[in-house]
Amino acid sequence: MSTAQTLDYQINRLGFWSVIVAITTGVVSMFFPLDAPGGYTAEHVDRVAWLSANKGEFIAGWVNQIVAMFSLSAAFACGAWVVAGKNSLRAILALLFVAMATMAFIIPKFIAVWTIPLLADTITAGAMGAELADPLLRMLNVSIPFSLYTSFDYLGFWLYSVFALLAAGPLYGDSKSAKISAVGLGVFGMVYQVLMVALFLGAIAPVDIEAYFIGASLLLLFHLVAMAFVFKRSMSSAS
């Protein structure tokens, strides 16, 4: 096996297992709370009390989200490698947007693991800095779609959608899995852009942002499942 074949095999294997981890962590996330009950409708004092009492579960849930995000980005990056075989320039640009999305995602997720629990503990204990911690925690609400925290998350998904528009065309291939992966990715990219325009034009109310945008992101599941077969097939060809 040549060096090029070995690298191709390793990247496709990474892509395959990244898909498996991304889907697994997605399932695991259903068993961990990512915010206080009631979401952004919960009273601030109730959220503070819940975060202080359930710190361990909250952190575990967001650590799982970090693993999910890195595995999803890795799967997309490996998908860019597949794209490079047909269009190198689009593959490079697609990989660039995946890298920027990963950076946008890791900022709020690290804040969830590090900053938010410390803020809640400081407010509950009335310790030094509590007067600063209270407004900061309000700004970093993980459920309000227009908070400083969630803005980074939606930025990350928008960057993913640009990656999708760049990679979808070259991903389209002869196999059924390649077709499904390309179509799923392309539809996600287009739908997300349409939703962004609708939001800026005032057609989507702030209260409905999560339902629309997170719903659109579920289209990536079709892409991921199909890409697992694409990666598996490429591994067999490279071995």
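Can you list the DSSP H helices in the chain whose Cα atoms extend at least 15 Å along the helix axis and whose mean Kyte-Doolittle hydropathy is 1.0 or higher?
Details: long enough: 3-28 (37 Å, 0.74); 55-84 (43 Å, 1.20); 88-125 (55 Å, 1.72); 148-171 (35 Å, 1.16); 176-200 (36 Å, 1.45); 220-238 (26 Å, 1.23).
Counting only whole DSSP H runs, the qualifying helices are 55-84, 88-125, 148-171, 176-200, 220-238.
On a C-alpha basis, how far is the centre of the range 25-52 from the centre of the range 183-225 in Å? Whole number, if you could?
Answer, in whole Å: 23.
Cut-off 19 Å, label point 7 angstrom out along Cα-to-Cβ of A99: give me the residues of the range 114-156 whose amide nitrogen falls inside.
Only 156 fall inside the zone, counting backbone N under 19 Å.
Just to verify a number: FRET efficiency for K179 and T6, C-beta to C-beta distance, R0 = 30 Å, to 0.05? Present the calculation step by step, with values, prior to reporting the outcome.
On the way: r = 28 Å, r/R0 = 0.94.
Once rounded, the FRET efficiency stands at 0.60.
What lysines could a cross-link reach from K109, if we take a straight Cα to Cα line under 20 Å and drop same-chain neighbours fewer than 8 places away?
Straight-distance partners of K109: K55.
Name the lysines eligible as straight-distance cross-link partners of K86: C-alpha to C-alpha under 18 Å, and not fewer than 8 places from it in the same chain.
K176, K179
Given an 8 Å cut-off on Cα distances and at least 6 residues of separation, report the relative contact order of the chain as a percent. Can you show the working numbers first?
Working: 312 pairs, mean separation 59.5, N = 239.
It rounds to 25 percent for the chain.
Read the figures in this text as sums done on the coordinates, not as results from a lab. These figures come from a predicted structure and were not determined experimentally. Backbone-built Cβ (ideal geometry, glycine too); neighbour counts: all protein chains shown.
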